[in-house]
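Read the structure below first, then the notes.
The values are calculated or read from the model by the stated rules, or taken from the named source; none is laboratory data. Every value quoted in this text rests on a predicted model; they were computed, and no experiment measured them. Glycine gets a Cβ as well: all are built from the backbone with ideal geometry, and neighbour counts include every protein chain shown. Please note that ligands, DNA and RNA were not included when accessible areas were found on the heavy atoms of the full protein model with its side chains. Shrake-Rupley method; radii C 1.70, N 1.55, O 1.52, S 1.80 Å.
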Amino acid sequence: MTYCVGMRLNAGLVFLADTRTNAGVDQVGMFRKLSVFENPGDRLMVMMTAGNLSISQAVRQIVSSHVGADGMTIWNAPDMFEAARIVGEAVRTVHRQEAGKLAEHGVDFNISIVFGGQVRGERCRMFYVYSAGNFIESHDENPYFQIGEAKYGKPIIDRVITPRTSLDDAAKCALISMDSTLRSNVSVGLPLDLLVYEDGSLAVTRFVTIDENNQYFQLLRNTWGQQLKSVFEGIAPPVWDAVPGPESDAPSSANLHSRPVRVAPPPGVAAAGTAAPLQSLAEQPVPPVQR
């Protein structure tokens, strides 16, 4: 499987992809899912793919060599929107060529793409390309895209990332998001490809492939785990069987909605006792914030 995340920020772009692929528990492989289209000083584009590997590789090849009827290519497209259209058309081309044959073998046409970058003269942009070849663009309300096993790493991104987030903080958040996914899903694995692009640079300046020996990633995953456990232990446990005060928001066992759904025993089953009284969960006062 795959996990990739791309972030579009005021300061630039962040891309992170794992490299594990598998077609079963005994067919695990490593393939790079992050590809760079770079003409330094003119354009920098990054494509990350998830889904069927043969489809992804075919799309990448077609994108790199595509020449439209008007002579447009990924290398001379006037802006990122037109470049994204080339990517979408490449997906449709592969679909026309391969979807029917794959269906005969019970294989779905499955690909999703995060495509982003910058063409000289315009701002950084990022797109999510679907299996149908259509796409949507990232905006301030949704400054990131995920593909593949997205659910494990989504909560930390939702809490941290805004367009104003710095590139370094966004890279750190992406790595924590990836670590959460690595911990919960064996179909995602090291090494990782991380590319951090600063707005206006029009070239790759910060890129690293992260394996199990990378000291920063080890520091990050150990520190995050320890701090998360510390925060968890610092939250007070629930208090049961407390009497709510006149201004308390504590749920009361007298409330009809606070009763469990009880299944009555069938006739002939003798009652062994009476049901225990329900307890309520008290909400403890929150101490004032020290300023």
Spin-label pair Thr209/Arg183, simplified geometry with 7 Å Cα→Cβ offset, distance in nm: 2.7
Using 7 Å Cα-to-Cβ label points, what is the Val269/Thr93 separation (nm, one decimal)? 6.6
Which order do the peptides 10-17, 263-270, 204-211 come out in when sorted by mean C-beta neighbours inside 10 angstrom, highest first? 10-17, 204-211, 263-270
To the nearest 10 degrees, how steep is helix 215-234 against the longest Cα principal axis of the chain, on a 0 to 90 scale? 20
Take the Cβ-Cβ distance between Asn76 and Thr223 as r, set R0 to 41 Å, and report the resulting FRET efficiency rounded to the nearest 0.05. 0.35
Tell me the accessible surface of Arg262 in square angstrom (1.4 angstrom probe, heavy atoms of protein chains only), to the nearest ten. 150
If I histogram all Cα-Cα distances within region 1-91 using bins 10 Å wide from 0, what percent of pairs lands in each bin? 14, 43, 31, 10, 1
Run the dipole for the chain about the Cα centre, Lys and Arg Cβ at +1, Asp and Glu Cβ at -1, nothing else charged, and hand back the magnitude in debye, nearest 20. 260
For the chain the translational diffusion coefficient, Stokes-Einstein from a Kirkwood Rh over Cα pairs at 4 °C and viscosity 1.567 mPa s, in µm²/s, is roughly 58
Which of Ala150, Ser65, Val5 sits closest to the plus end of the dipole of the chain, meaning its Cα is farthest towards the positive end, when Lys and Arg get +1 and Asp and Glu get -1 on the C-beta? Ala150
Rounded tilt (10° steps) of 80-104 against the dominant C-alpha axis of the chain: 80
In Å², nearest 10: area of Ser187 left accessible to a 1.4 Å probe: 20
Here the gain from full extension of Arg32 to Lys151, 0.36 nm per residue of separation minus their alpha-carbon distance, amounts to 40.7 nm
Qualifying chymotrypsin sites (Phe, Trp or Tyr not before Pro) for region 72-128 [loop in DSSP, other Cβ within 10 Å: at most 16]: Trp75
Can you give the longest run of the chain that contains no GluC sites (Glu not before Pro) sitting in a DSSP loop with at most 14 other Cβ atoms inside 10 Å? 1-121
Between Ser201 and Ile136, what is the FRET efficiency for a Förster distance of 30 Å, r being their Cβ-Cβ separation, to the nearest 0.05? 0.75
So, in nm, how far is label Phe232 from label Val107 when the simple model puts each one 7 Å beyond its Cα toward the Cβ? 4.0
Against the longest principal axis of the chain, how steep is helix 53-65, in degrees 0 to 90 to the nearest 10, with axes from Cα atoms? 40
Accessible surface, the chain, averaged per residue in Å² (probe 1.4 Å): 58
Give me the accessible area of Arg60, 1.4 Å probe, in Å² rounded to the nearest 10. 90
